[in-house]
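**Student:** Starting off with a structure, shown below.
The values are calculated or read from the model by the stated rules, or taken from the named source; none is laboratory data. This one's a predicted model, so the numbers in the text were calculated from it and none came from an experiment. Every residue, glycine among them, receives a Cβ derived from its backbone with ideal geometry; neighbour counts consider all protein chains shown. These area figures cover heavy atoms from the full protein model, side chains too; ligands, DNA and RNA do not enter into them. Shrake-Rupley method; radii C 1.70, N 1.55, O 1.52, S 1.80 Å.
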Amino acid sequence: MMDAGRHPNIELMTYTEIENITGYVGNFHVTVRRKARFVDESECTACGDCVPVCPVIRPNEFEMGLSTRRAIYIPFPQAVPAAYLINIDECLGDVPIACGKCLEACDKKCIDFDMKDRIERFEVGAIIVATGLDVFDPTGLDEYGYTRYPNVITSLEFERLISAGGPTEGHFIRPSDRKQPKRIGFIQCVGSRTEISPDGPNPDGSRGHPYCSNICCMNTVKDSLLLKDHYPDTEITVFYMDIRAFGKGFEDLYRSSKEKGVRYVRGLPGKIREDPTTHNLLVTVENTTAGRLETHELDMVVLSVGFVPPEDGHIKKLLTLSNTSDGFLLEAHPKLRPVDAPAKGVFFAGCVESPKDIKDSVTQASAAAARAQRLLNKDRVSVEAITAWVDHDLCTACGICVKVCPYGAITADPKQKIKAVVTEASCAGCGACAAECPQDAIVMRNFTDLQIMAQVEAALAENPEEKTLVFACNWCSYAGADLAGVSRLQYPANTRVVRTMCSGRVDEDFVWRAFELGAAMVLVSGCHFGDCHYMTANHHTQKRVDKMWDRMERWGIRPERLQLEWISAAEGQKFARVMREIEEMRRQVTREEIEETKAIIAKRWRKRRK
Amino acid sequence: MPDEELRIGVFVCECGRNIAGTVDVETVRRYAESLPGVVTSQVNRYTCSDPGQAQIRKAIAEHKLNRVVIAACSPSLHQPTFRACLRQAGLNQYLLEMANIREQVAWVHMREPDAATYKAQETVKMAVARARYLRPEQEMEVPVTKAALVIGGGIAGIQAALDLADAGHKVYLVEKEPSIGGKMAMLDKTFPTMDCSI
């Protein structure tokens, strides 16, 4: 921590939020908001003279609310930077009649109530996302009584209670009577390895998540050893379903815990009751090794809480990152590119990608740094030649492309009749402009109308009435289809897939041509809203498909024959299911209906084209 | 239609038994040979292997290929591999098209070998149709700003920032809380070494 604070090459920006990130690999423009601390960070010596005079007392977040802090505070003694700050929402203010006492107490005069948030901008070539984790809140598991029984605590509260730097200076006491507990139980997998189903008792995940949080077993083993170290006569019972001690040195630690007398009971308690007079806890558990129901009277219970992914939708959206189904970030490839984001120039480190311990976080961080250096050590980097250009012989300067471009990469002026121009460096290659251009004046390199139309025609040259034509976006739906394959999920073999970079590239013409050729069903599939690799390009997909459904209704074609689905890269199951569902629909489409559609399209669409 | 004469080479990968276990690759190869513009159609055991790639480079030279269609796995897996192979053979890498007959054919229709073989043929047909219109493309080169942004000042962010900074790069380490340290700073001791977290 200290090293990072004083490294000459590191500009440390704490109490700072990312406002905006634009640009692309090698050339990101970052805007940050440096929130006002109201204490000059460079002048403050962390002497602490301001603290005793502050009359506002609040729970100390770092100590999990187990002690208090003032409105002017330092998060913890070893904080970097070692500087105080004022929580201005709690502070009474600097008007002398209200308070302003800290101003008088500060000899260095580094408190400044006029300080404002500062917006700063800078350029970077690579970005490492290390936004970490949140800890599972066990409130939803009512049977453990976390909010009702004072002596039921979480493993993070345990850390603060046993820490020499914590609120009790390392004297391990229980909250109800501040006495040292003799019988302590640990309950494992709290919030981890839990079923979630939309109709079950845990639809929103408030009772936990399906994945293993990776660290809780070893954390409890470590906690048991700390207790045995400090208080050898403590009776410790660990309730578990499996102990996962898979890392280097872990098994030794687990063995040593058992050798020191820690009892491991296989079985997760169904309920905790409290004796209202002693505040002792009665834990009922099915000991599955012994095959009997047991009740343990304990002085204190520690809930070994798991990880949940951080709530950071803003950064995800700015960098067009996606989640796997567990809520952690989706990597470019789970084995071959585990620290790369699908977006070029962006890398992951730590728990934001999956729950992991300190060693793995450090390892992944070094890997991410190495991957970033691989980019930063180059003077120039090439970007894929999937960009748009405008044929000025066809362009009428209508300006529609300017409106649909999520990157503001196109300029045109309908009033002055200035034709559209694409700034290649800003174009990310979604193709929404090419799909929307009424003149077909925009050419998407490597995904041209001609190339895609050729695929559509080849796919439907034989037995089109037996087929479903699928347009799948490269980043989500096509990857979802790949995952269905990797998972060996079987679905009907009459699907033909056309890959585009984004579902926003799917031109109306492609769909009408497919129906004109006799396709029974057409599916357009892309990323979920908010997950689109091209920010909002899939909103244009939705609008376009809505428009096509209206037209189909008017023209007398059943709109059901055009389907729209959002399928993420992690949703192989969904891709296979959608294919099976569409096959059911396809069976309802008769040859007569197809012939009728062909005639309608020939009349309506061909007329419009002219 | 492109100006030059089309000379398309099709390479059908067995991927061991991964593809060949379900899809009749010889049928696909023969079918590909019949498609307009295709001058050679060959089967590889593992197209991505060195011998597989050597076979492609040899065919490019021998048959003067100006388009390459590889029927194998997903482009997300080996498109970079085969693009490099084309570059080595002196062909623009955008003249490559992949037909995904593994993830989206062989592995998802394992119980219907005939239907899978038919779909593989058509997938190759679609790829060849598209390949006819592929054009050599030039990639744009952009300069790289020699600085990095690290979002989050927990243990992972700190380590990444230090590694980059030690390597001589400017790093902006952005943390939303008033101090770096993250969740790790709250821990007393850490496993497996039982040492202090800060």
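**Student:** Considering each residue of region A:1-60, count those that are at pLDDT 95 or above and among the small types (Gly, Ala, Ser), and give that number.
**Tutor:** Residues flagged as at pLDDT 95 or above and among the small types (Gly, Ala, Ser) within region A:1-60 amount to 1.
**Student:** Can you tell me which condition A:ALA519 does not meet? The list is (1) more than 14 Å from every other protein chain (Cβ to nearest Cβ); (2) open to solvent by less than 10 Å² (accessible area, probe 1.4 Å), and all the others hold.
**Tutor:** For A:ALA519, the exception is condition (1).
**Student:** Go through region B:45-84 residue by residue and tally those that are among the polar types (S, T, N, Q), in a loop (DSSP other than H, G, I, E, B) and either modelled with pLDDT under 95 or surrounded by fewer than 19 Cβ atoms within 10 Å (Cβ to Cβ) (or both). Lay out the reasoning, then the answer.
**Tutor:** The initial filter retains those residues of region B:45-84 that are among the polar types (S, T, N, Q), namely B:47, B:49, B:53, B:55, B:66, B:74, B:76, B:79, B:81.
Going one step further and asking which of them are in a loop (DSSP other than H, G, I, E, B), we end up with B:47, B:49, B:66, B:74.
Of the ones still in play, those that are also either modelled with pLDDT under 95 or surrounded by fewer than 19 Cβ atoms within 10 Å (Cβ to Cβ) (or both) are B:49.
Residues meeting the conditions: 1.
**Student:** Let me ask another. Here's a check for you: in region A:375-411, which residue that is among the basic types (Lys, Arg) and within 14 Å of chain B (Cβ to nearest Cβ) is least open to solvent (accessible area, probe 1.4 Å)?
**Tutor:** From region A:375-411, those among the basic types (Lys, Arg) are A:378, A:380, A:403; that's our starting set.
With the extra rule that they be within 14 Å of chain B (Cβ to nearest Cβ), the set shrinks to A:378, A:380.
Details: A:LYS378: 93, A:ARG380: 117 Å².
Among residues in region A:375-411 that are among the basic types (Lys, Arg) and within 14 Å of chain B (Cβ to nearest Cβ), the one least open to solvent (accessible area, probe 1.4 Å) is A:LYS378.
**Student:** Do any strands (runs of 3 or more DSSP E) entirely within region B:85-153 hold 3 or more residues that are open to solvent by 10 Å² or more (accessible area, probe 1.4 Å) and within 7 Å of chain A (Cβ to nearest Cβ), and if so, which? So that I can check it myself, show each step before the final result.
**Tutor:** Values: elements: B:96-100, B:140-143, B:147-151.
Fully inside region B:85-153 and qualifying: B:140-143.
**Student:** For the structure I just gave you, tell me whether A:GLY132 is crowded, with 16+ Cβ neighbours inside 10 Å and in a loop (DSSP other than H, G, I, E, B).
**Tutor:** On the way: crowded, with 16+ Cβ neighbours inside 10 Å: yes; in a loop (DSSP other than H, G, I, E, B): yes.
In short, yes.
So that you can scan it fast, the table gives a plain yes or no per residue for (1) part of a loop (DSSP other than H, G, I, E, B); (2) within 14 Å of another protein chain (Cβ to nearest Cβ):
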{"position": "A:ILE18", "(1), (2)": "no, yes"}
{"position": "A:ARG37", "(1), (2)": "yes, yes"}
{"position": "A:GLU41", "(1), (2)": "yes, yes"}
{"position": "A:GLN78", "(1), (2)": "yes, yes"}
{"position": "A:VAL95", "(1), (2)": "yes, no"}
{"position": "A:CYS99", "(1), (2)": "yes, no"}
{"position": "A:GLU104", "(1), (2)": "no, no"}
{"position": "A:MET115", "(1), (2)": "yes, yes"}
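**Student:** Here's a follow-up. Quick one: which of A:GLY100, A:GLY93 is in the same structural domain as A:LEU12 (by TED's automatic domain parsing), surrounded by 14 or more Cβ atoms within 10 Å (Cβ to Cβ) and at positive phi? Can you show your working first?
**Tutor:** On the way: A:GLY93 fails: surrounded by 14 or more Cβ atoms within 10 Å (Cβ to Cβ).
Testing whether each residue is in the same structural domain as A:LEU12 (by TED's automatic domain parsing), surrounded by 14 or more Cβ atoms within 10 Å (Cβ to Cβ) and at positive phi leaves just A:GLY100.
**Student:** Is it the case that region A:112-126 has a residue that's of a type in the set (Val, Ile, Thr) and modelled with pLDDT under 95? Steps first, please.
**Tutor:** Initial filter on region A:112-126 (of a type in the set (Val, Ile, Thr)): A:119, A:124.
Narrowing further to those that are modelled with pLDDT under 95: none.
Scanning region A:112-126 turns up no residue that is of a type in the set (Val, Ile, Thr) and modelled with pLDDT under 95.
**Student:** Confirm whether B:THR193 is open to solvent by 20 Å² or more (accessible area, probe 1.4 Å), in a loop (DSSP other than H, G, I, E, B) and more than 7 Å from chain A (Cβ to nearest Cβ).
**Tutor:** Details: open to solvent by 20 Å² or more (accessible area, probe 1.4 Å): yes; in a loop (DSSP other than H, G, I, E, B): yes; more than 7 Å from chain A (Cβ to nearest Cβ): yes.
Taking the combined requirement at face value, the residue satisfies it.
**Student:** Taking region A:455-491, which residues are at the interface with chain B (Cβ under 8 Å from one of its Cβ atoms), surrounded by 21 or more Cβ atoms within 10 Å (Cβ to Cβ) and more than 32 Å from the chain's Cα centre (by Cα)?
**Tutor:** If the condition is that a residue be at the interface with chain B (Cβ under 8 Å from one of its Cβ atoms), surrounded by 21 or more Cβ atoms within 10 Å (Cβ to Cβ) and more than 32 Å from the chain's Cα centre (by Cα), then A:GLN455, A:ALA458, A:ALA459 are the ones that fit.
**Student:** Okay, next question. Residues that are in the same structural domain as A:MET521 (by TED's automatic domain parsing), touching an Asp or Glu at 6+ places or on another chain (Cβ under 6 Å), surrounded by 22 or more Cβ atoms within 10 Å (Cβ to Cβ) and under 20 Å from A:LYS467 (Cα atoms): does region A:565-577 have at least one?
**Tutor:** No, because not a single residue in region A:565-577 is in the same structural domain as A:MET521 (by TED's automatic domain parsing), touching an Asp or Glu at 6+ places or on another chain (Cβ under 6 Å), surrounded by 22 or more Cβ atoms within 10 Å (Cβ to Cβ) and under 20 Å from A:LYS467 (Cα atoms).
**Student:** Kindly provide the set of residues from region A:328-372 that are closer than 21 Å to A:PHE136 by Cβ, in a loop (DSSP other than H, G, I, E, B) and among the charged types (D, E, K, R), ordered by number.
**Tutor:** A:GLU353, A:LYS356, A:ASP357
**Student:** Find the residue count for region A:253-310, including only residues that are of a type in the set (A, V, I, L, M, F, W, C) and either farther than 30 Å from A:GLY132 by Cα or assigned to a loop (DSSP other than H, G, I, E, B) (or both).
**Tutor:** Filtering region A:253-310 for residues of a type in the set (A, V, I, L, M, F, W, C) gives A:253, A:262, A:265, A:268, A:272, A:281-283, A:285, A:290, A:293, A:298, A:300-303, A:305, A:307-308.
Now restrict to residues that are either farther than 30 Å from A:GLY132 by Cα or assigned to a loop (DSSP other than H, G, I, E, B) (or both): A:262, A:265, A:268, A:272, A:281-283, A:285, A:290, A:293, A:298.
Within region A:253-310, residues that are of a type in the set (A, V, I, L, M, F, W, C) and either farther than 30 Å from A:GLY132 by Cα or assigned to a loop (DSSP other than H, G, I, E, B) (or both) number 11.
**Student:** Now a separate question. Only residues in region A:154-177 that are outside the structural domain of A:ASP229 (by TED's automatic domain parsing) count as the first member; pair them with residues that are crowded, with 16+ Cβ neighbours inside 10 Å, Cβ under 6 angstrom, at least 6 apart or cross-chain, and list the lot.
**Tutor:** From region A:154-177, no pairs qualify.
**Student:** Further, regarding this structure: Which numbered condition in (1) outside the structural domain of A:GLY270 (by TED's automatic domain parsing); (2) surrounded by fewer than 20 Cβ atoms within 10 Å (Cβ to Cβ); (3) modelled with pLDDT of 90 or more; (4) closer than 27 Å to A:PHE186 by Cβ is the only one that A:CYS351 fails?
**Tutor:** So the condition that A:CYS351 fails would be (2).
**Student:** Yes or no: A:ILE88 in a loop (DSSP other than H, G, I, E, B) and either within 14 Å of chain B (Cβ to nearest Cβ) or in contact with an Asp or Glu (Cβ under 9 Å, 6 or more places away or on another chain) (or both)? Show your work before the answer.
**Tutor:** Numbers: in a loop (DSSP other than H, G, I, E, B): yes; either within 14 Å of chain B (Cβ to nearest Cβ) or in contact with an Asp or Glu (Cβ under 9 Å, 6 or more places away or on another chain) (or both): yes.
Criteria met by A:ILE88.
**Student:** Going through region A:51-90 one residue at a time, which ones are on the phi > 0 side of the Ramachandran plot and over 33 Å from the mean Cα position of the chain (by Cα)?
**Tutor:** Passing the criteria: none in range.
**Student:** Pick out the one residue from A:GLU11, A:GLU61 that is surrounded by fewer than 18 Cβ atoms within 10 Å (Cβ to Cβ), within 11 Å of another protein chain (Cβ to nearest Cβ) and not in a loop (DSSP other than H, G, I, E, B). Reasoning before the result, please.
**Tutor:** Numbers: A:GLU61 fails: not in a loop (DSSP other than H, G, I, E, B).
Just a single option satisfies the conditions, and that option is A:GLU11.
**Student:** Right, something else. Name the residues in region A:55-94 that are without any contact (Cβ under 8 Å) to a residue 60 or more places away in the chain and of a type in the set (S, T, N, Q), would you?
**Tutor:** A:THR68, A:ASN87
**Student:** Still on this model: When you go through A:VAL422, A:VAL402, A:VAL383 one by one, which is the residue that is in contact with a strand residue (DSSP E or B) (Cβ under 6 Å, 6 or more places away or on another chain), touching a residue at least 60 places away in the same chain (Cβ under 8 Å) and more than 30 Å from B:LEU35 (Cα to Cα)? Write out each step before concluding.
**Tutor:** Details: A:VAL422 fails: touching a residue at least 60 places away in the same chain (Cβ under 8 Å); A:VAL402 fails: touching a residue at least 60 places away in the same chain (Cβ under 8 Å).
Residue meeting the stated conditions: A:VAL383.
**Student:** So, one more: Could you list all residues from region A:14-50 that are more than 27 Å from the chain's Cα centre (by Cα) and either crowded, with 18+ Cβ neighbours inside 10 Å or touching a residue at least 60 places away in the same chain (Cβ under 8 Å) (or both)? Talk me through it step by step, then tell me what you get.
**Tutor:** Taking region A:14-50 and keeping what is more than 27 Å from the chain's Cα centre (by Cα), we get A:36-50.
Matches in region A:14-50: A:ALA36, A:ARG37, A:PHE38, A:VAL39, A:ASP40, A:GLU43, A:CYS44, A:THR45, A:CYS47, A:CYS50.
**Student:** Continuing with this model, one more query. Quick check on this structure: which one of A:THR139, A:THR154, A:THR147, A:THR168 is over 19 Å from A:LYS222 (Cα atoms), within 14 Å of chain B (Cβ to nearest Cβ) and not hydrophobic (A, V, I, L, M, F, W, C)? Break it down into steps so the answer makes sense when it comes.
**Tutor:** Values: A:THR139 fails: within 14 Å of chain B (Cβ to nearest Cβ); A:THR154 fails: over 19 Å from A:LYS222 (Cα atoms); A:THR147 fails: within 14 Å of chain B (Cβ to nearest Cβ).
Sole residue among the options that is over 19 Å from A:LYS222 (Cα atoms), within 14 Å of chain B (Cβ to nearest Cβ) and not hydrophobic (A, V, I, L, M, F, W, C): A:THR168.
**Student:** Identify, from the list A:VAL238, A:VAL221, the residue that is of a type in the set (Val, Ile, Thr), more than 25 Å from A:ARG148 (Cα to Cα) and in contact with a helix residue (DSSP H, G or I) (Cβ under 8 Å, 6 or more places away or on another chain). Lay out the reasoning, then the answer.
**Tutor:** On the way: A:VAL238 fails: more than 25 Å from A:ARG148 (Cα to Cα).
Exactly one of A:VAL238, A:VAL221 is of a type in the set (Val, Ile, Thr), more than 25 Å from A:ARG148 (Cα to Cα) and in contact with a helix residue (DSSP H, G or I) (Cβ under 8 Å, 6 or more places away or on another chain), namely A:VAL221.
**Student:** Right, here's the next one. Kindly indicate the residue of region A:545-559 that is in contact (Cβ under 8 Å) with a residue 40 or more places away in the chain and more than 39 Å from the chain's Cα centre (by Cα) and also least open to solvent (accessible area, probe 1.4 Å) among those meeting that condition.
**Tutor:** The selected residue is A:ILE557.
**Student:** Which one of A:ASP299, A:ASP252, A:ASP275, A:ASP242 is crowded, with 20+ Cβ neighbours inside 10 Å and of a type in the set (D, E, K, R)?
**Tutor:** Numbers: A:ASP252 fails: crowded, with 20+ Cβ neighbours inside 10 Å; A:ASP275 fails: crowded, with 20+ Cβ neighbours inside 10 Å; A:ASP242 fails: crowded, with 20+ Cβ neighbours inside 10 Å.
Step by step, each of A:ASP299, A:ASP252, A:ASP275, A:ASP242 is checked, and only A:ASP299 is crowded, with 20+ Cβ neighbours inside 10 Å and of a type in the set (D, E, K, R).
**Student:** Hey, another quick one. Looking at A:ARG513, A:ARG499, can you tell me which residue is at pLDDT 95 or above, surrounded by fewer than 23 Cβ atoms within 10 Å (Cβ to Cβ) and either facing another protein chain (nearest Cβ under 8 Å) or more than 29 Å from the chain's Cα centre (by Cα) (or both)?
**Tutor:** Details: A:ARG499 fails: surrounded by fewer than 23 Cβ atoms within 10 Å (Cβ to Cβ).
Unique residue meeting the criteria: A:ARG513.
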